Every structure is written in C-alpha cells, then in structure tokens.
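Data first, discussion second: the structure below is written as structure tokens.
The values are calculated or read from the model by the stated rules, or taken from the named source; none is laboratory data. Note that this is a predicted model, so its numbers are computed, not measured. Here Cβ is always computed from backbone atoms with ideal geometry, including for glycine, and neighbour counts include all displayed protein chains. Note: accessible area is taken over every heavy atom of the protein model, side chains too, but ligands, DNA and RNA are not part of it. Shrake-Rupley method; radii C 1.70, N 1.55, O 1.52, S 1.80 Å.
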Amino acid sequence: MGFGLLASKALRPTSRHLLSSQNPTIFLRTIVSKPQLCNPEASAAQPVQPPPVDLPPRTPLAGARVHFANPDDAIEVFVDGYPVKIPKGMTVLQACEVAGVDIPRFCYHSRLSIAGNCRMCLVEVEKSPKPVASCAMPALPGMKIKTDTPVAKKAREGVMEFLLMNHPLDCPICDQGGECDLQDQSMAFGSDRGRFTEVKRSVVDKNLGPLVKTVMTRCIQCTRCVRFATEVAGVQDLGMLGRGSGEEIGTYVEKLLTSELSGNVIDICPVGALTSKPFAFKARNWELKGTETIDVTDAVGSNIRIDSRGPEVMRIVPRLNEDINEEWISDKTRFCYDGLKRQRLNDPMVRGPDGRFKAVNWRDALSVIADIAHQVKPEEIVGVAGKLSDAESMIALKDFLNRMGSNDVWGEGIGVNTNADFRSGYIMNTSIAGLEKADVFLLVGTQPRVEAAMVNARIRKTVRSNQAKVGYIGPATDFNYDHKHLGTDPQTLVEIAEGRHPFFKTLSDAKNPVIIVGAGVFERKDQDAIFATIETIAQKANVVRPDWNGLNVLLLHAAQAAALDLGLVPQSEKSLESAKFVYLMGADDVNLDKIPDDAFVVYQGHHGDKSVYRANVILPTAAFSEKEGTYQNTEGCTQQTLPAVPTVGDSRDDWKIIRALSEVAGVRLPYDTIGAVRARIRNVAPNLVNVDEREPATLPSSLRPSFTQKVDTTPFGTVIENFYMTDAITRASKIMAQCSAMLLKK
C-alpha cells in the first residue's frame, strides 16, 4: 500500500463516522491545483529552490584557523547543509573541523601523514555510492558532506564493533582510562554487547626502553606511533609486522626506542597500548590538578602542563604552542619530574667548625652571610646565577651585589667579554617557527639534537618538507636528517667566508639561508673573531635582509637569554680565583677548583648538587614548579612559570631570599612584591615584561665593532655530553639515570 493511499485513507472519513451523532466533526479533503501540475514538463526543467535557511554561525573546532595563501584558491563545500569556505587541497575531515563538526578518528593526526586505515571517520558524500573515509578524501568544490546520517552512523558502529572484537576489557586496569579515544568513541558508537564468541587474539608486549610501557594486545593498528617515529623523530625503530589478524606493531629486531622524542608516542597513541612506564598505576587523570607552565631544562621554553596530586608532581605533558614546541616535548622535559622530589634542600644550613652542616633558622643564616659580606673588599665579591634562574632572582642578585660594591655578577654558560649590547647577537632572530621557511642551514658548533630537541625537530621538519640542505661544522655527531659534515674547526668558517669552500655557493644561492651558532662559542676565547667571521658570511651570502634575518644563536640554558638581557656578563677571567665571597645562586656547573680555599661560599638552590659540597651556608629555594618566575627562551619570547605544587620544607623564592638578605646586610632593596621586582626589570630590559610575546632584536649584530683577531684552530667541542643529565633537577632524577644507563651509546 502506497504512502499517498495511506494518507488519503487517514484524511477521508468513512460514512459511518459521518453519520455518527457522537462524532460531529467532519473531515474534508481539500484538493488544490497548482500551475506546476498543469505543466509538469516546465516544472521539471526549473527545479524549485528551497527557501534559504538561516543557519546559526559555527565556530571551528579547537580554535582552528584557516589560512588562504591565495584567496582565488578558496572553494566552498557544504557540511550538513552549512556552507564553508576552505583552501584547495584540504580534506573532507578538515572541512568538517572548520565547520565545527567533530569527526571521530583513530589513525588520523594533523601533524602526521595520512594512513586512512582505521575507517572510523566515514561520512556520506552526495553522489558517492558508499561512505568515504573523510581523512583521505580531498574536498571538491560544491561537495555536499553529510556527517550525521543513519548510513554514516551505521558504518562507524560497524567499524567500532570490529575494533572491539579483539580488544581486551582492560579499562579498569588501563592507564589510558579516562583519557582514551577508544572509550569515548565506544560510548558514542559502541554496542552494549558483543556478538563475537571466538577467542580474542593476544600479542606479546615489546620492550621499548625505560620510558614507554607497552601492552600490545590493546593496539588497534592505527600506525600513529610508526609514522611519528619515522617522520617526526627520524628513527626507523617501529614498524608493522605480519598481516591480517597476525598484524602487530614492533621493532624489527629486539631494539629499544632510542629517540629523544620517544615519549610523544604516549600522547598520540589513541588507546592504552603505549603508556608512560614511570607513571604506570600511579594515578587516574581525574585525580590530577593541571597547571599550565613552561619547561626550563633547555632554552626552548616548551609549553607544558604539570599534573600534580597534593604536594607531588605526578607527570608532565605537552601543551600546544605552534610557535615553540607545536605539541611535542623532549623526553628530558617529560620525565625529569621525579628529580623534583629527590635530593631536595629543606632548611637553611651553616657549616660548623667540624665541617658538618647544622640546620638553623633563616634569621641566623642570613646574619652569618651579612657579617662575612661586610668583612671582605667589594671587588672580592662574586655572584653567579645558575642555568635555571628566573629573571626576578637575577635582577635581585645583581642589585644586591651592586649595592655591596661589586659588579662581578654573571650567568652560567656566559664567557668573559661576551657582547650583551646587541640582542641580535645572542637570540634566534629567525624564530623557531620561522625556521620552516629556510632552504639551507649552516650549523656552527652546535648539536641541536641534544642541545634543543624541539629546534632539531623543526629543522628535520623543514628538511623533509622543503628538501633543505644542512651543512655542519663541529665534532662528529648523530643527526636524524641528511647533512654534510664540512669540518670540525673554525678554519672551515674562514674558508666559507673567503668563498673558497663549495658550501659558500649553496648559501649564496639559497632564498632563505639560516646560520645557527651554538652557545658553546660564548665560552671560547676567540668568540669575537668567530662571530666576526660569521658576520662576513652573513653579509656575503645575503643571510640578513630587511625581510629575512637568518643569523641565529642557539642558547643552552633557560636563564641564558634573560641573563644577557640583564647584563650578567663576567668582568674578567680571574674573578673567581681572587674572590673571597662567592654567591652561587643555583650555579652547579661552576669550576669549583678555581675558588680559593679561604673563600666564603653561599649556595642558594633547591637540590643538593655539586656546589653544596663546597658551600659554607646553604639557603633552600623553590624549584620552577613551585614558584612564579619569568624566563626568556632562545628566540627572545618571554614566558612565565606558575606554581603547581607547594614549596618543600622551609624553602623560599630566590628573589625573596636576596631581598631579606639585603635588609639584614643594611642595603635594603626597594621592592617587596613580585610586581615591584618586575617594575625594576622593566627599567633594565623592558622586553622581559611582555609575557608570551616574542620581542625581535631592533639593532642588527653587524653594528658590532670589527675585530682583527684571528680565529683559533682549536676544534669546536661537544657542549652536552649526556642529554639526560644537564642540570640539578635531571641529575637528581632516577628516570634520567636509567635513560643514561640504557639508551646512551657508551
């Protein structure tokens, strides 16, 4: 029976109903004639346009922004009837995201190549006989995409049923529980029961090292980890083995995952197959308090989220920042957190006549220091700021020692006579994100893979996408992209500057050449001559232009850029040898042998590291996860840490200790709040107050005075011997010690 006949029967009352006195309501069927019915041929030729519907405006998912390189290349597609303008080449899935529609996916990741093997992102496209995988289908002009139809929903439910067929019911004991894509999608598209009655398959777990825990039976073969290792990390360690139901992810031979970015596979794995080994069974994600802050283990300033429970840091995960670290972080950043609770200094301590430390209160410790400081000559007072110091503590230390009559304050990793007058001479002028526009790199005395893993990831990304060429001058080292080893000493630089080296032509022919100088050069005696040679190359090869600045310095420590901005440069080579009062503020890599035996040493820091053994007084301070502090990264972007957990024991912020000490010593500093300290910083280096902004250098480094001194023939050295142990926090970390023992090739 046709639908029209049913409708007419419903509308036409029977004679019994008409004659019934109990039902006086009479139904009348109205017949309406339309011009289109009289002339059906004409109406077929002119289809009726549906009236325009006022659709509410939609916001793209996760704040996605669409960039049109060429406005003429924009095409319009319709997502569930909503018109969207997108650039040519975008996929259907990306068009849906711009339209504010979230398409479920497992294998697709915006920073990896497209695999299209999970089939969870199926959508209906008009005139397509079957649902299409939206992640792999390019959007075409006028395409009508339907994401919420019964066909698309049924297809996704079928895919989900197949995925869960062999998936173990591990959710109660799985570390991914609560932040698992498979859990979320099974809530939306999963059934309440399974129809599979056979035996589930199981897979042997792989040993990928001390950082990544594997439960490979949970793996859904999305291949995200394989693509990440190959494309981003640049190691061919992971691959797909077998086929059919015997397919599994693993290493071809029994091999550990040796990349410095290996921990990121934990974040991109959509299920519980790859999880954090140190974090295993420690906490559930809904028990944790997240604090958005930054990393201080290197000079990149990666954006991170510290997840804590009570007074303890439980884990560190990356935070999205396209300009600095995208959404990756290095293994050192991710796993050094257990060092924050080991070997911590709790109370102020003074070394007694017997050489043993005795815990005292703050007043006694500060009065001991103040008494000694007044007994020595001003020129015999030296202050050293460590590699983890924030800008507030460095300006406080400099102001305090200046008031005591000394101007000998410097930051670790900054050599004598380092030129701090021109910011362009010590920051990354191209910016980290700007490296992606380069087509030739010249790396001078730097190994970015261990010095700044996130900068190295950018260089690798550029080499892959732009086929950029890389030339390297320095000791033999391990790169994860194609490069030419040009030489080991500065003499190669001189050859390039004189145009005698073949790489000079490569630099000259490049559209956007980039030179990256390692911060290890700052500690060389011939640093001025090396920088003068590099300036010559930059001028001849057109590296610095009004629209492009390719001359960069890659710093090593979190405090280095701010220290140079604030003028913390050593006055002479012999300042430590002649010192009688040495103030070490978190400085653990100073050559303690240079300090005279009769010198009084104050160590202010958060870990019982190397310098503690030489100290006469110890002042405990807060680590970066316990305080509010300002840091500037290697590209000149100012960022701030925020306190995630309470301080340990009786420790205090660095600047507060120096402020209290100045009052006890009778040279009271004129600030009592962190706001007042920052007002003081504004007078010295205004760029350090503009948070989350990258302040480019205004004056070019070519304005430096010229040097006639010749470069030394000493080869460039390796600045970082052990990637996993570079500062007090990482040296105290048990996880980093395991990595050093297992992953470094000794």
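Before moving on, here are some points about what is shown:
- DSSP beta bridge pairing in the stretch 485-618, given as percent antiparallel to the nearest 5: 15 percent
- Summed residue charge, Cβ within 11 Å of VAL125's Cβ, Lys/Arg positive, Asp/Glu negative: +2
- Among (i) 121, 63, 55; (ii) 113, 62, 50; (iii) 155, 81, 66, the entry derived from the coordinates for Cα extents along the principal axes in Å: (i)
- Once both labels are positioned 7 Å from their Cα atoms along Cα-to-Cβ, the gap between ALA433 and GLN343 label points is 3.8 nm.
- Semi-axis lengths (Å, descending) of the ellipsoid that matches the C-alpha gyration tensor of the stretch 123-242: 30, 22, 13
- Based on the reciprocal of the average 1/r between different C-alpha atoms, the Kirkwood radius for the stretch 442-482 equals 10.4 Å.
- Size of the stretch 57-97 as Cα extents on the principal axes (Å, biggest first): 24, 21, 18
- Estimated dipole of the chain in Debye, rounded to 20 [Cβ of Lys and Arg +1, of Asp and Glu -1, Cα centre]: 2540 debye
- For GLY405, net neighbour charge (Lys/Arg +1, Asp/Glu -1) across residues whose Cβ lies under 11 Å away: -1
- Taking only the C-alpha atoms of the stretch 363-482, the Rg (one decimal) and the largest Cα-Cα distance, Dmax (whole number), read 21.0, 63 Å.
- Using alpha carbons only: equivalent-ellipsoid semi-axes of the stretch 229-298, gyration tensor based, whole Å: 27, 18, 10
- Sites listed here are chymotrypsin sites (Phe, Trp or Tyr not before Pro) in the stretch 159-243 whose DSSP assignment is loop and whose Cβ has at most 14 other Cβ atoms within 10 Å: PHE196.
- Mean silhouette area of the stretch 61-148, derived from the convex hull of its C-alpha atoms and averaged over all directions, reads 5.6 nm².
- nm² value of the averaged projected area, convex hull over the Cα atoms of the stretch 589-746: 15.0 nm²
- Net charge, ARG65 excluded, C-beta distance under 12 Å - Lys, Arg +1, Asp, Glu -1: -2
- Dipole of the stretch 61-148, positive direction: furthest Cα of PRO71, ALA133, ASN117, with charges on the beta-carbon: ASN117
- Rounded to the nearest whole angstrom, the semi-axes of the ellipsoid equivalent to the stretch 260-410, taken from the Cα gyration tensor as √(5λ), stand at 41, 21, 12, largest first.
- For the chain, share of DSSP beta bridges that run antiparallel, in % to the nearest 5: 55 percent
- Under 5 Å from the amide H of THR91 lie the amide H atoms of ALA139, each residue being 5 or more positions distant or on a separate chain, with H modelled from the backbone and absent for Pro and chain starts.
- Of the residues VAL253, MET165, HIS557, the one whose Cα sits farthest toward the positive end of the charge dipole of the chain, with +1 on the Cβ of Lys and Arg and -1 on the Cβ of Asp and Glu, is MET165.
- When +1 charges are put on Lys and Arg Cβ atoms and -1 charges on Asp and Glu Cβ atoms, the dipole computed for the stretch 61-148 relative to its Cα centre reaches about 240 debye.
- Backbone geometry of the stretch 256-265 corresponds, through the Karplus equation with coefficients 6.51, -1.76 and 1.60 at θ = phi - 60°, to 3J(HN,Hα) couplings of 7, 7, 9, 6, 6, 10, 4, x, 5, 5 Hz, x marking Gly and Pro.
- Solvent-accessible area of the chain (1.4 angstrom probe, protein heavy atoms only): carbon and sulfur portion equals 53 percent.
- Charged side chains reduced to their Cβ positions (Lys and Arg at +1, Asp and Glu at -1) give the stretch 539-610 a dipole of some 340 debye around its Cα centre.
- Once both labels are positioned 7 Å from their Cα atoms along Cα-to-Cβ, the gap between LEU140 and ILE372 label points is 8.0 nm.
- Using a simple spin-label model with pseudo-atoms 7 Å out from Cα toward Cβ, LYS540 and ALA64 lie 4.9 nm apart.
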